[in-house]
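The block underneath contains the structure these notes are about, expressed in structure tokens.
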Amino acid sequence: VQQTDLDLQWTRFDARRATLGLTHDDIIRLYIHMLRARLLDERLTNLRLRGQISGGASCRGHEAVQVGILEPFHIGLDYLLPYYRDLAAVFMVGLTPDAILLNHFGRSDDPISGARMRPAQWNSRELRIISASGLVATQTLHATGIAFAARLRHENAVALTMFGDGATSEGDFHEALNFAGLHHLGVIFVCENNGIALSTPFIAQSAAPHVADRAAGYGMPGVIVDGADIFAIIEAARSAFERARGGQGPTLIEMIIPHLADRTPRGDAFIGRDPVALLRDYLLAKGELTIERGRQLHKQFEAELDEAEKAALAAMPPDAATVEQHLYATTEEESSQPDNKGEEE
Ligand SMILES: Cc1ncc(C[n+]2csc(CCOP(=O)(O)OP(=O)(O)O)c2C)c(N)n1
């Protein structure tokens, strides 16, 4: 990358940052979230390579989108309906590395499902993270339904749902957008377009060149955002949340993620700008981060992950005698309890 290109990029970052009113502390916090998510993701990838865990998919290259979109999100009020690649997003909302590792190792005190479900089908009643199903795109309909329910309950909650480009070829996606557009529901549809759905490139599954083009057909704005630019992402997020919370209706945001070149057990290789490195280089260029401080942060998070991994490894798998627990409610009374454990699954 030429220095003049970088200078231009930093000038653009400066301008957007000023408009958004983000302070040094705000940006460092965002960078720390992105860095921690990257390191957690690398840890999970290495554990998968060693055959110690299974499930989930790498969020490498998606960190800025998953962190930036949540900037206006009210934790505990708004609903997050993620997909299996949204590790940085669930981490940003408050699922801890301990919980995520216990879940991947399938331990009995896994707070996500008690080792019952496939790993990475994250959920939390308290944090209003709704468990994704194994089927691509179903969460988009759930998000629309939740936004409809929030309206009926006079709750000012926004439902934020995230999915890949492959999900936009599913019927569920189109039904979800149609109903949300018709009723001006408070939903935000975020497509993390990394250009490929397993082995199917986007151009082989859509006649429309952009996912965002679909929005017009459902009476909502469709915007295209550079998924490596945290400031552009926050700008789009704030306006979508404002529309949703203000009763003006849904927005479809197409985030252009660095293109996925290859899916390997080592983690997905992407071509293009690395959003974590881009923000780091900006902070270094502005004198808001030093190499030394960067190294310290790295070391500190690796140590945190070492602890979490050690604890998860040492934790016990579920007792075989509990195999029938959490599958069915045992009595009518139990099934009507809002905090009944069995209901969560
Ligand atoms: C309804 C349905 N069809 C097919 C699959 C198999 N499948 C799992 S992930 C995936 C690719 C999804 O691609 P995309 O939505 O672009 O997400 P990405 O992994 O690229 O981020 C497919 C086809 C599935 N889980 N559900």
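If I take every Cα pair under 8 Å that is 6 or more residues apart in segment 1-112, average their sequence separation and divide by the length, what percent do I get for the relative contact order?
This gives 24 percent for segment 1-112.
For segment 171-254, the fraction of 1.4 Å probe accessible surface lying on carbon and sulfur atoms is 57 percent.
Label 7 Å along Cα→Cβ of residue 329; segment 126-143 residues with amide nitrogen under 12 Å? Nothing falls inside the zone, counting backbone N under 12 Å. For the chain, modelled as a GNM whose springs connect Cα atoms under 10 angstrom apart, the maximal fluctuation among 61, 249, 134 occurs at 134. With protein chains left intact and a 1.4 Å probe, residues in the chain average 46 Å² of accessible area per residue.
Output the peptides 83-94, 287-298, 139-150 sorted from most to least packed, where packing is the average of other Cβ atoms within 10 Å over each peptide's residues.
Values: 83-94: 24.3, 287-298: 12.5, 139-150: 22.4.
Most protected by this proxy first, the peptides run 83-94, 139-150, 287-298.
May I ask you to order 4-15, 45-56 by the average number of other C-beta atoms within 10 Å around their residues, highest value first? Intermediate values should be presented prior to the final figure.
Values: 4-15: 12.9, 45-56: 15.4.
Final packing ranking: 45-56, 4-15.
Taking each DSSP H run with n ≥ 4 as -39500 (n - 2.57) and averaging over every residue of the chain yields -14000 deg cm²/dmol at 222 nm. Local charge for residue 185 was computed over the other residues whose Cβ lies under 14 Å away, with Lys and Arg +1 and Asp and Glu -1, and equals +1.
Beta carbons within 10 angstrom, averaged per residue: use that to sort the peptides 309-320, 105-116, highest first.
Values: 309-320: 13.5, 105-116: 19.2.
Ranked by mean Cβ neighbours within 10 Å, highest first: 105-116, 309-320.
For the chain, complete DSSP H runs whose alpha carbons reach 27 Å or more along their own long axis and whose mean Kyte-Doolittle score is -1.0 or higher are 24-49, 291-314. Remark: relative contact order (the chain) = 20 percent; criterion is Cα-Cα distance under 8 angstrom and separation of 6 or more residues.
Surface composition of segment 1-120: carbon plus sulfur atoms contribute 50% of the solvent-accessible area (1.4 Å probe, protein chains only, all chains present).
The values are calculated or read from the model by the stated rules, or taken from the named source; none is laboratory data. Because the structure is a prediction, the values reported are computed rather than measured. Every residue, glycine as well, gets a Cβ built from its backbone with ideal geometry; the counts of neighbours run over all protein chains shown. These accessible areas exclude ligands, DNA and RNA; they are computed on the full protein's heavy atoms, side chains included. Shrake-Rupley method; radii C 1.70, N 1.55, O 1.52, S 1.80 Å.
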